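Worksheet for the structure shown next.
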Amino acid sequence: MKELEDMIKRLGDFPPTLVTAAAKAGATVALKAAKRNAPEDSGDLKKGLKLAGERKKGHKKVYQVGLDPKMNDVFVTMSKSGKRGYYPAAIEYGYIRKDGKKVAGAYYLKRALTENKERVELATLEGLIAKVDKELKKKW
């Protein structure tokens with residue numbers, strides 16, 4: 001970490017693109033884990049998982065592993081009584097069947113982050129170090 005801080009100081013003005021690439025590298029690890037963890041019935045749940053990026057103040061870039069809103073027609077279901085149901089949420093957190101029995105959640109998104117926390121951090125850090133190193137070589 002100290003090595004990275006020294007590199008950043010030598011770099012001076014920190015280009016936002018470096019942060020973006022590093023954040024995406026870490027988020028991609030989580031996305032792949034979520035797709036691996038997601039139960040596969042029709043395959044729509046795995047197809048619907050994607051990264052969504054949002055810009056924050058300064059040089060922060062935040063990526064979310066979430067579901068593609070374009071696939072809501074596949075994920076949203078209506079019951080006979082008119083209640084809306086969201087398939088990915090039911091799979092993640094569980095649900096109660098008509099006969100009253102509980103079906104446990106798969107927690108595919110939660111497990112993608114908790115079980116891969118170190119891998120996500122490492123991928124982000126390695127991505128940032130590689131980008132900073134490349135930028136330093138351009139300047140020197």
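Taken together, the values in this text are just the output of simple stated rules run on the coordinates, not laboratory data. Since we're looking at a predicted model, the values are computed, not measured. Positions of Cβ are generated from backbone atoms using ideal geometry, with glycine treated the same way; all protein chains shown enter the neighbour counts.
Annotations
- Positive-pole candidate from LEU31, ASN72, LEU113, dipole of the chain, charges at beta carbon: ASN72
- Candidate lysines - alpha carbon under 19 Å from LYS131, same-chain residues fewer than 8 apart omitted: LYS2, LYS9, LYS24, LYS60, LYS61, LYS139
- Proximal charge balance of ARG55 [Cβ under 15 Å; K/R count +1, D/E count -1]: +4
- Count Lys and Arg as plus one, Asp and Glu as minus one, and take only other residues whose Cβ is under 14 Å from that of GLU40; the net charge is then +2.
- Exceeding the 31 Å Cα-Cα cut-off - candidates LYS57/LYS138; LYS35/LYS83; LYS56/LYS110; LYS110/LYS134: LYS110/LYS134
- Residue-count net charge about LEU113 - beta-carbon cut-off 14 Å; Lys, Arg +1, Asp, Glu -1: +3
- Where labels lie 7 Å past Cα in the beta-carbon direction, separation of LEU136 and ASN72 in nm: 4.7 nm
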